[in-house]
Every structure is written in C-alpha cells, then in structure tokens.
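Asker: Please read through the structure below; I'll follow up with questions.
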Amino acid sequence: MTLHVLSVASEAVPLIKTGGLADVAGALPAALAPQGVKMTTMLPGYPAVLAAMKRARTVHTWPSLLGEPARLVAGRMDGHPLLALDAPGLFAREGGPYSDPEGRDWGDNWRRFAAFSRAAADVAGGAVAKLKFDLVHAHDWQAAMTLAYQRFAPFGGAKALPGVMTIHNMAFQGYFGAGIFPRLGLPDSAWTIEGVESYGGVGFLKAGMQAASVITTVSPTYASEIRRREFGMGLEGIVAAKGDAVLGILNGIDTALWNPAHDPHLTDTFTARTLPRRAANKRAVEAVFGLDHGDGPLFVMISRLTWQKGADVVIEVLDHLVGNGGRLALLGSGEKANEDAFHAAAARHKGQVGVRIGYDEALSHLMQGGGDAILVPSRFEPCGLTQLYGLAYGCVPVVSRTGGLADTVIDANPAALAAGVATGVQFDGVSYEALAAAVSRAVALYRQPDVWRQIRRNGMKCDFSWAASGKAYAELYARLITEKA
Ligand code: ADP
Ligand code: GLC
C-alpha cells in the first residue's frame, strides 16, 4: 500500500536553498519512494520556485488567504510531485525567502508563513479533491502552523491527519507578538499554552510541536540535548513533556548530488582508491582563493557565519592555524562583524587565508573535493551536513562534540586509530583553547600520511546515504497512520 505524505517546507533543493533544510526537504521524496511512500512537497511560490515549475497547473484558488488572493499550482520537482503556493502579495519579492535584499527579516513573515501553513492545512484537509493524503510532515517554524490549523480550524471540519513536526533548528522558533493572534483566523480556543500561546506571544514552532503526533529532530544527540535549557531555548519544557514522542532521526546525504566519483563541480573526480586525484581539486581551490601551495593541510569552512557555527572562534584561531602550517579557504556569509574579521584576516595572512563572502553551491562541492579538512566548530548543531559531505569527499571533519556532529564523526583518539575506525577530529566546548588544540591535532595527523589516508578512507566508507533514515521515517509514518486509524 502506498502512503501519501504531504511534506511542507519553506525551502527545498534544487529550487530554493539557504541551508541544510533545503538539502533535506529536497532529498526526502526520493529517500521515501523505495519505502512505498509517495511524498508531495509543498513550497511557497517564490519567484525561483514558480520559474522552475514548467507546465504548472492551477489546482486550487483562494480569493482571500489571510487577506491575500492565492492559487495553488501543481508541478514536479526532480520527478516528484510539487505544490507551490502562488500568492504574489506574499512571495513575489526580490531578496531571500525570509529576508529582504539587505538581509533584514521581512516584517510580515508571520503572515507569509501563516498563510502558507493555512493553505497547507487546507490541502491536507481535502481542499483539492484529487489530492488525498494520509499524513502531514511539517518542517521548522515556517510550516509548523499547518498542524495547528489542522487541529483548531480544519478545512471543512475535516479530521486532522497525523502530523510529524521536524525541528531542524530550535534557534528559529517563529515567535511573534500577541497582536497577530486575531489575524491568524484561529478560534479563541487556540490561545492557550497547549495551543499557540508562547511566553505571552504566538509561537509558530511551539504550536506545531503541541499539535504534532510526533516531534522529530535531525539527530539522536540533538533530540536529547533539546530537553535541556541551553539547547531547548525556552521550549525544553514541551520537549520534556512530550517524552517518547520526541525522536531523533539522522539526516542523510543525497548521494545523487554529493558523490566525488560523479560530481560535475569537481576538477577531477575520485574515489577512496584514487585519492591522489584530489590534488587537482586542491590546486583549483587554491587558485580560486589566491592561496599559496603549502605542505601543511588546507582547511576549508563552508558555513553561515554566525554564533551557532562558531565563526568568531575560527577567527580567533586563524593565527594559530597559519602558525602551524595550515591554510584556510572560507566560503560563507552571515554576521557582518564576522565577514569583516575574515576579510581582515585574509589581508593579514595573504596566501594563507582566502575568503569568499557569498553563497556558491558549485564552489562548495569543489572545496569538499579539494580541502584536506573541514572546520565545523558549532556551538550547537541539530545535524549538520557539511561534515557529512566532508566524510564522503575525504575532507576530514574537525568538529565540536555536539548534536549531529557528535553522532557522525569518530574522533581520531588512540583507541579509534588502533581499531582503524577514526574519521575525524572532535573537541569539547567551543573555545579558543579547544579549537586551537583540535587544529594542532589535525595538523599532526596530516603530517603522518599513512594515518591521514586511513582517516580519509574510513570516512569515505561510511554510509550516510538516506537508506537507513528513509526507512526510519517510513516506519514512523506507517505507525502513526495505523494508530490514528
Ligand atoms: P545549516 O542548515 O545550519 O546552515 P547544514 O550543515 O545542515 O547547516 O547545511 C548547510 C548547507 O548549506 C550545506 O549544504 C552547505 O554546503 C551549504 N552552505 C552553507 N553556506 C554556504 C555557502 N556560503 N555557499 C554554498 N553552500 C553553502
Ligand atoms: C538546520 C540545522 C542543521 C541541519 C539542517 C538540516 O539548518 O542547523 O544542523 O543539518 O537544519 O536538518
């Protein structure tokens, strides 16, 4: 029997991406298909999404969706069903999915994503006669209200479908002032702690968590971390109260897009058996970043330059990294102070530190294929994908021991080295001392070519494809549907 799942997300590769959520939402339909799940993805109709939807058909219209005329268009994304909410008043804008061209959050994000979620709840409830679903899977705060609408204001009085709420990052909760509540189109009964009220305002993610049948997050370690205040960021109480209904399912990587043997973005493709071919990619990265050749390791970092990602600590550690014979190629964007500090470091360490501020998908692949080690010193990391790409590409991850980083990298301690299972370098606590020591360890390991080769190969052997996690989601869906029946 085929299960029909509506996956509601605010970004998905290959149409629109700001981070890992897009990688995951884009990969899920193909990951679930072999498990007998037909997944339809629903996205906001940003210009890039509508432009990519060839031969799209209008399957539903709303004269007024929270005050905006809107229509639902149906098409395909990589061969899987796609729905997009075309509401020009909300989504036909220059800039990013969540922010204007200057990087400021859109002031009406609450309305944009409430309307998106309202529409998704309508679709789940049968607004489009031909589209029938068994379950709704909502991702992050932008889609979370789908579950709240299903629960408090279902389309045509329909029975709520089972709902999975996946938290990709607890730091983004979609928290807004109480003044928006009357404009959400919810009954007064939704204004409770068990509903959408959160610390006196409206919490979109919180509302989704309360309405969900099950809450998942993207690694087992993060699932336990968010029970604590430090990681739960105010929602730890709900996480704890939900008990066994909070699960961690590790993200996979899309091996059709991330495979060094076939990657069109590489100067030279390679496998674990042909590691010397990585050299051409390393030269290419050096050229792009204006770096000198060197006999020490080429570190790379591909990241949002934020507090979460430890960008500030990398800046502090750069002199140490260069002093130890390392070089760094950095691709990222984010907080202005971090961007400026990286530029200053590049000027100070000409030929040793190269910086690209911006977003460049193709370059990110080349860096994984040419770098020797990838820095991921996150203060918290729900899953993290760049360390997984690093493992697959022989770009050894140097990571803090948190969240998904703790779950996916095996530290090159003496025991792991002796057992031949080490895949990277881990350190505890994101501080100058800890990261500097980790960088020194990585440089020392790199200077033992046989050991380094073994670490690279171990990582490349790991299977972080979607096979296991696709199965885990499919089993979860099946259980929830059976329970609800
Ligand atoms: P997060 O979603 O928290 O930013 P992840 O590690 O899960 O972290 O995912 C980040 C994704 O975004 C990865 O696919 C990574 O390669 C990509 N990425 C991040 N910054 C850039 C950039 N500046 N250019 C290209 N890709 C980037
Ligand atoms: C979030 C998290 C990241 C995770 C990604 C995909 O952006 O910060 O750790 O890998 O979502 O789940």
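Asker: Please get the size of the charge dipole for the range 275-461, origin at its Cα centre, with Cβ charges of +1 on Lys and Arg and -1 on Asp and Glu, quoted in debye to the nearest 20.
Answerer: Numbers: 19 positive and 18 negative charges, 119 e Å.
Around 580 debye, computed over the range 275-461.
Asker: Shifting gears a bit: Given axes a ≥ b ≥ c from the Cα gyration tensor, I'd like to know whether the range 133-208 is rounded (a/c under 1.5), prolate (a/b larger than b/c) or oblate. Write down the numbers at each step before the final one.
Answerer: On the way: a/c = 2.25, a/b = 1.13, b/c = 1.99.
Verdict is oblate for the range 133-208.
Asker: Might you tell me the accessible area per residue for the range 275-461, computed with a 1.4 Å probe and given in Å²? All intermediate terms of the calculation are to be shown ahead of the outcome.
Answerer: On the way: 6500 Å² over 187 residues.
For the range 275-461, the per-residue accessible area is 35 Å².
Asker: Rounded to the nearest 20 debye, what is the charge dipole size of the chain about its Cα centre when +1 sits on each Lys and Arg Cβ and -1 on each Asp and Glu Cβ?
Answerer: Roughly 1060 debye, rounded to the nearest 20.
Asker: Along Cα→Cβ, 7 Å out, is where each label goes; now give me the distance between the ones at residue 259 and residue 2 in nm to one decimal.
Answerer: Once both label points are built, they end up 2.4 nm from each other.
Asker: Would you grab the residues whose amide H sits under 5 Å from the one on residue 198? Only those 5+ places off in sequence or on another chain, please, with H modelled 1.01 Å from N.
Answerer: For residue 198, whose amide H was placed from the backbone, the distant partners under 5 Å are 203.
Asker: If the only charges are +1 at each Lys and Arg Cβ and -1 at each Asp and Glu Cβ, what is the size of the charge dipole of the range 183-310 around the Cα centre, to the nearest 20 debye? Mind dumping the intermediate values first?
Answerer: Details: 13 positive and 13 negative charges, 39 e Å.
Value, rounded to 20: 180 debye.
Asker: Can you list the residues, at least 5 places off or on another chain, whose amide H is less than 5 Å from the amide H of residue 248, using H built in the peptide plane?
Answerer: 217
Asker: Out of residues 5 or more away from residue 43 or on other chains, whose amide H comes under 5 Å of its own, with H placed 1.01 Å from N in the peptide plane?
Answerer: 83, 84, 85
Asker: If you average the C-alpha positions of the range 454-485 and of the range 14-89 separately, how far apart do those two centres end up, in angstrom?
Answerer: Spelled out, the Cα-based centre of one part sits 24 Å from the other.
Asker: Tell me, what is a quarter of the convex hull surface for the C-alpha atoms of the range 275-461, in nm² with one decimal?
Answerer: 9.0 nm²
Asker: Here's something else I'd like to know. For the range 158-169, what does the Karplus curve 6.51 cos²θ - 1.76 cosθ + 1.60, with θ = phi - 60°, yield as ³J(HN,Hα) per residue in whole Hz, taken in order and with x for Gly and Pro?
Answerer: Per-residue couplings from phi come out as 4, 6, 5, 6, x, x, 9, 10, 9, 9, 8, 6 Hz.
Asker: With every protein chain left in place, what is the accessible area per residue of the range 1-119 in square angstrom, probe 1.4 Å? It would help to have the intermediate numbers written out before the result.
Answerer: Details: 4650 Å² over 119 residues.
The answer is 39 Å² per residue.
Asker: Would you kindly derive the ³J(HN,Hα) couplings of the range 71-82 from the backbone phi angles with the Karplus curve 6.51 cos²θ - 1.76 cosθ + 1.60 (θ = phi - 60°), listing them in order in whole Hz, with x for Gly and Pro?
Answerer: Whole-Hz 3J(HN,Hα) from phi for the range 71-82: 9, 9, 10, 10, x, 9, 10, 6, x, 9, x, 9.
Asker: Moving to a separate point now. Ratio of alpha-carbon Rg to the 2.2 N^0.38 Å globular estimate for the chain, to two decimals, please.
Answerer: Values: Rg = 22.7 Å, N = 485, 2.2 N^0.38 = 23.1 Å.
Here the Cα radius of gyration is 0.98 times the empirical estimate.
Asker: If you roll a 1.4 angstrom probe over the protein chains with everything in place, what fraction of the accessible area of the chain belongs to carbon and sulfur, to the nearest %?
Answerer: On the way: 10110 of 18480 Å².
It is 55 percent, rounded to a whole number.
Asker: Expected output is a single nm value to one decimal: the length gained when fully extending between residue 92 and residue 130, i.e. 0.36 nm times separation in residues minus the C-alpha distance. What is it? Mind dumping the intermediate values first?
Answerer: On the way: separation 38, 0.36 × 38 = 13.68 nm, distance 2.71 nm.
Length gained between residue 92 and residue 130: 11.0 nm.
Asker: Once you sort the root eigenvalues of the Cα gyration tensor of the range 31-183 as a ≥ b ≥ c, which label holds: rounded (a/c under 1.5), prolate (a/b larger than b/c) or oblate (the other case)? Don't jump to the answer; show the numbers that get you there.
Answerer: Details: a/c = 1.35, a/b = 1.16, b/c = 1.16.
In terms of gyration-tensor shape, rounded.
Asker: Also: Testing the spin-label approximation: label points 7 Å from Cα along Cα→Cβ at residue 418 and residue 468. State their distance in nm.
Answerer: In this crude label model, residue 418 to residue 468 measures out at 2.5 nm.
Asker: Hey, if you put +1 on the Cβ of every Lys and Arg and -1 on every Asp and Glu Cβ in the chain, which of 301, 53, 99 ends up farthest toward the positive end of that dipole?
Answerer: 53
Asker: Quick one: Karplus J couplings for the range 118-135, per residue in order, coefficients 6.51, -1.76, 1.60, θ = phi - 60°, nearest Hz, x for Gly and Pro?
Answerer: Along the range 118-135, the couplings run 4, 4, 5, 5, 4, 4, 4, x, x, 4, 9, 3, 7, 9, 10, 10, 9, 7 Hz.
Asker: What FRET efficiency would be calculated for the residue pair residue 104, residue 245, taking the C-beta separation as r and a Förster radius of 35 Å, to the nearest 0.05? Walk me through the intermediate numbers first.
Answerer: On the way: r = 36 Å, r/R0 = 1.03.
Using R0 = 35 Å, I get an efficiency of 0.45.
Asker: How much mean residue ellipticity at 222 nm does the chain get from its helices, if each DSSP H run of length 4 or more adds -39500 (n - 2.57) and you divide by all residues, to the nearest 500 deg cm²/dmol? Walk me through the numbers on the way to the answer.
Answerer: Numbers: 19 runs with 191 residues, N = 485.
Dividing the helical sum by the residues of the chain leaves -11500 deg cm²/dmol.
Asker: Using the basic label-point model (7 angstrom from Cα toward the beta carbon), what is the residue 51 to residue 230 distance in nanometres?
Answerer: It works out to 4.4 nm between the two label points.
The values are calculated or read from the model by the stated rules, or taken from the named source; none is laboratory data. Model, not experiment: these values are computed from the prediction. Ideal geometry is used to build each Cβ from the backbone, glycine not excepted, and the neighbour counts take in all protein chains shown. Side chains included, ligands, DNA and RNA excluded: accessible areas come from the protein's heavy atoms. Shrake-Rupley method; radii C 1.70, N 1.55, O 1.52, S 1.80 Å.
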